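A short worksheet on the structure shown next.
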Amino acid sequence: MKTSRKTFIKAGALTMSGMLLGVDKLSAITAIHQTNEDNLHKLQPLGYAYNSLEPWIDAQTMEIHYTKHHQAYVNKLNDALQSYSELRKLSLAELLGRLTNVPEGIRGAVRNNGGGHWNHTFFWSILKTGTQPGTETLKRITNDFGSIDAFKEKFEKAATSQFGSGWAWLIEKNGKLQVIATANQDNPIMNTAEIMGKPILAIDVWEHAYYLKYQNKRADYVKAFWNVVNWERVESILTSK
Ligand code: MN3
């Protein structure tokens, strides 16, 4: 490996120090850390049953999505990092926040699979039935979008109009909320992102996230998503420094 950890961190820190502070804290919340002695990334426990989000997201989709798709991102990320012991010491958020410093030979694999691991870990954490937007969430959304309905409309539009596979996000950037979409497994904590920010909420619009139940009707899945947003978690992310 040509890039030493010190050089790698220094180069990243020059442009990324402010942002990294935020994402490192976020990664602590979502516990995306490789804690074993081999520094391997691991699939985190889902924390709820596969059928918890029925009828809006079906148990079979959840099981395949988590045990097959998500696990595959984790495995391929570990494969890519196999001969890069220094990079394996970094948290996933650190790795993605300094993606441009990752050696070119594995950068694509880290972007796709590290992104896939981070995005899904985050996604599982913001899903729950039966919650309502909190006080701060309502205040911030109303302030930046006009109303909760105006926000939902904007988010749904980003999710349905994302061409092919990708994600729609609610992010915070410079203290303001905004809606963005990313292709494939890209996300707003990557330093290659067009718009970087702190992820507050996200929806996976890859077909594997909805096809078994909704087939080609992505818009129906996106509408149903509002029934499974964990607003308590959104409130906690929004109010965390
Ligand atoms: Mn997915």
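Every listed requirement among (1) outside any helix (DSSP H, G or I); (2) within 16 Å of the ligand (Cβ to nearest atom); (3) in contact with a Phe, Trp or Tyr (Cβ under 6 Å, 6 or more places away or on another chain) is met by Ile57 save one, (3).
So that you can scan it fast, the table gives a plain yes or no per residue for (1) surrounded by 17 or more Cβ atoms within 10 Å (Cβ to Cβ); (2) closer than 15 Å to Trp206 by Cα; (3) in contact (Cβ under 8 Å) with a residue 12 or more places away in the chain; (4) among the polar types (S, T, N, Q):
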position	(1), (2), (3), (4)
Gln132	no, no, yes, yes
Lys139	no, no, no, no
Thr142	no, no, no, yes
Glu156	yes, yes, yes, no
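Quick grid of which residues meet (1) assigned to a helix (DSSP H, G or I); (2) within 16 Å of the ligand (Cβ to nearest atom); (3) modelled with pLDDT of 95 or more; (4) of a type outside the set (Lys, Arg):
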site	(1), (2), (3), (4)
Glu63	yes, yes, yes, yes
Lys68	yes, yes, yes, no
Asp79	yes, no, yes, yes
Ile106	yes, no, yes, yes
Ala109	yes, no, yes, yes
Phe123	yes, yes, yes, yes
Gln132	no, no, yes, yes
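List the number of the failed condition for Thr192; all other conditions in (1) under 17 Å from the mean Cα position of the chain (by Cα); (2) under 24 Å from Gly134 (Cα atoms); (3) surrounded by fewer than 20 Cβ atoms within 10 Å (Cβ to Cβ) hold. Here Thr192 meets the rest and fails (2). For region 182-220, a residue qualifies if it is touching a residue at least 24 places away in the same chain (Cβ under 8 Å), within 27 Å of Thr142 (Cα to Cα), in contact with a strand residue (DSSP E or B) (Cβ under 9 Å, 6 or more places away or on another chain) and not polar (S, T, N, Q), and the qualifying residues are Ile189, Ile195, Met196, Gly197, Lys198, Pro199, Ile200, Leu201, Ala202, Ile203, Asp204, Val205.
Exactly one residue out of Leu92, Leu87 is away from the ligand (no atom under 14 Å from the Cβ) and over 15 Å from the mean Cα position of the chain (by Cα): that is Leu87.
Scanning region 211-236 for residues that are within 16 Å of the ligand (Cβ to nearest atom) and under 17 Å from the mean Cα position of the chain (by Cα) returns Val222, Phe225, Val228.
Taken over region 199-210, the criterion of being under 16 Å from Ile126 (Cα atoms) and within 16 Å of the ligand (Cβ to nearest atom) is satisfied by Pro199, Leu201, Ala202, Ile203, Asp204, Val205, Ala209. Taking region 190-204 as the range and being among the aliphatic types (A, V, I, L, M) and either touching a Gly at 6+ places or on another chain (Cβ under 6 Å) or not in a loop (DSSP other than H, G, I, E, B) (or both) as the test, the residues that pass are Ile200, Leu201, Ala202, Ile203.
The values are calculated or read from the model by the stated rules, or taken from the named source; none is laboratory data. Given the structure is predicted, the values throughout are model-derived calculations rather than measurements. In this analysis, Cβ positions are derived from the backbone assuming ideal geometry, glycine residues included, and neighbour counts consider all displayed protein chains.
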